[in-house]
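Let me begin by presenting the structure, written as structure tokens, before commenting on it.
The values are calculated or read from the model by the stated rules, or taken from the named source; none is laboratory data. Here the structure is a predicted model, which is why all the values come from computation and not from measurement. All Cβ positions, glycine included, derive from the backbone under ideal geometry; neighbour counts span all protein chains shown.
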Amino acid sequence: MKYAIIIPDGCADEPQESLGGKTPLQAANIPAMDAIAAAGIVGRSNNTPTHLTAGSAVANMNLLGYDVDQHFTGRAPLEAAAQGIELGPDDWAIRCNLVTIEDQIMRDFTADHIGNDEAVELLGEMQKGIEADYLEFKPGVSYRNLLIYRGEKEAPPFSRETYGTPPHDLTDKSVANDFPRGPGSDLLMDLMGHSVHAFTDHPVNKKRVADGHLAATNIWLWGLGKQPSLTPFSELHGLTGKMITAVDLLRGLAALIGWERIEVPGATGYTDTDYAAKGKYAIDALADTDIICVHVEASDEASHEGDAAGKVKALEEIDRHIVTPLHAALKEQGDYRILVSPDHPTFLRTKTHSHGYVPWTICGSGVESDASATYDEPSSETSSHAFEKGHLLMPFFLGA
């Protein structure tokens, strides 16, 4: 038996006036996803319990079958694992966005999708400006970076009550009441304040402004946590897995559960990603793994930008270049099951992640068809297949 999981990140949404009262899933031309629904079943899951942040870390951990109430410690440790950064028992990882804030408004949580080399220079400036050897800035990809607090050198001031607001939740909003809070938040605030002074006249920002781009005005610290303990997926289910993604969060989660990570040329984590390359690499991976998981960030990025047409286009590209060829390849090789599910809703109206159910669809060997005809939110809402605890979907999928 071969298994495939496709995650169109954040694709669940509300009806849109600009789409004739339809959700993006309803408005998109997605014949391959609809075919899965018609041949199998449609249901819904809640991957974002209300007592936790409605973020990708929580949602994807649940989606891959790990109970977040037992295992979730924070987003940043997952991204540290993606970079191969080892965390000791007293170490903390902290997500470090480069952002653009103007007049206390979060203008852009990506600093206008700042380049990797530019991020390295700015974080190098931050590192030079602090004397504490227990603080290490670690560049990642574009605006997505990390700060590591080495607890063996200096006792960390943080606790599970330390909280930083995800900057993508603040798009076009005031940040005045959303700075870090809880134990150790004064340190985080000091570092964020220092970055404003370090970046104001930095050559990187001067060149960006001259070239018509937004400046990276400062760092934004959030998502902190210690290393989680996750039982390897193969021990839980007796199956091997591989992950295709351009996002460090998913790379890190894959590393922690023992899945191989496949790097695909042209995969960007944005709407310009190479969908066809992801589809091809997924098919090639089927030969020597039990499960192939393909994560696509583009639908989520379009949501963060409030771009309904872009979200529809991303879904159509996923359907055409990933779901269609991958499903065909699965059918040719024998027994299989395929699952399509977003991690969490990302509403175009709010431009941010949301709590609530997401629709999924499954078909394949041993999956008896229900009355579903299309893959979308209304279809899932009438289904008898519902999981209030999202981590229960994975064992259902593997044994449905």
Check region 79-93 and report whether any residue there is within 19 Å of the chain's Cα centre (by Cα), within 25 Å of Ile262 (Cα to Cα) and in a strand (DSSP E or B). yes
Checked against (1) surrounded by fewer than 18 Cβ atoms within 10 Å (Cβ to Cβ); (2) within 24 Å of Ile292 (Cβ to Cβ); (3) in contact (Cβ under 8 Å) with a residue 24 or more places away in the chain, Pro359 satisfies every condition except (1)
Can Leu236 be described as within 24 Å of Ala93 (Cα to Cα) and either surrounded by fewer than 22 Cβ atoms within 10 Å (Cβ to Cβ) or in contact with a Ser or Thr (Cβ under 9 Å, 6 or more places away or on another chain) (or both)? no
Can you go through Ser379, Ser369, Ser341 and tell me which one is among the small types (Gly, Ala, Ser), assigned by TED's automatic domain parsing to the domain that holds Val68, surrounded by fewer than 17 Cβ atoms within 10 Å (Cβ to Cβ) and touching a helix residue (DSSP H, G or I) at 6+ places or on another chain (Cβ under 8 Å)? Ser369
Among Gly212, Gly241, Gly252, Gly258, which is the only one that is in the same structural domain as Asp300 (by TED's automatic domain parsing) and under 30 Å from Gly129 (Cα atoms)? Gly252
Return yes when Arg144 is modelled with pLDDT of 95 or more, within 26 Å of the chain's Cα centre (by Cα) and surrounded by 13 or more Cβ atoms within 10 Å (Cβ to Cβ) and no when it is not. no
Glu136 vs (1) surrounded by fewer than 19 Cβ atoms within 10 Å (Cβ to Cβ); (2) over 20 Å from the mean Cα position of the chain (by Cα); (3) outside any strand (DSSP E or B): all pass except (3)
Could you list, in sequence order, all residues of region 1-46 that are under 16 Å from Ser383 (Cβ atoms) and assigned to a loop (DSSP other than H, G, I, E, B)? Thr23, Gly40
Can you list the helices (runs of 4 or more DSSP H) found entirely within region 261-352 that contain at least 2 residues being over 15 Å from the mean Cα position of the chain (by Cα), among the aromatic types (Phe, Trp, Tyr) and modelled with pLDDT under 95? none
Residue under question is Asn205, and the condition is that it be outside any strand (DSSP E or B), polar (S, T, N, Q) and surrounded by fewer than 18 Cβ atoms within 10 Å (Cβ to Cβ); does it hold? no
Among the listed residues Glu152, Glu121, identify the single one that is more than 24 Å from His304 (Cβ to Cβ) and either part of a loop (DSSP other than H, G, I, E, B) or of a type outside the set (D, E, K, R) (or both). Glu152
So in region 46-85, with the set limited to residues that are hydroxyl-bearing (Ser, Thr, Tyr) and in contact with a His (Cβ under 9 Å, 6 or more places away or on another chain), which one is farthest from Tyr357 (Cα to Cα)? Tyr66
Of all residues being surrounded by 20 or more Cβ atoms within 10 Å (Cβ to Cβ) and part of a loop (DSSP other than H, G, I, E, B) in region 166-195, which is modelled with the lowest pLDDT? Just the residue, please. Pro166
Members of region 30-54 that are more than 16 Å from Thr361 (Cα to Cα) and either in contact (Cβ under 8 Å) with a residue 40 or more places away in the chain or surrounded by 22 or more Cβ atoms within 10 Å (Cβ to Cβ) (or both): Thr48, Pro49, Thr50, Thr53, Ala54
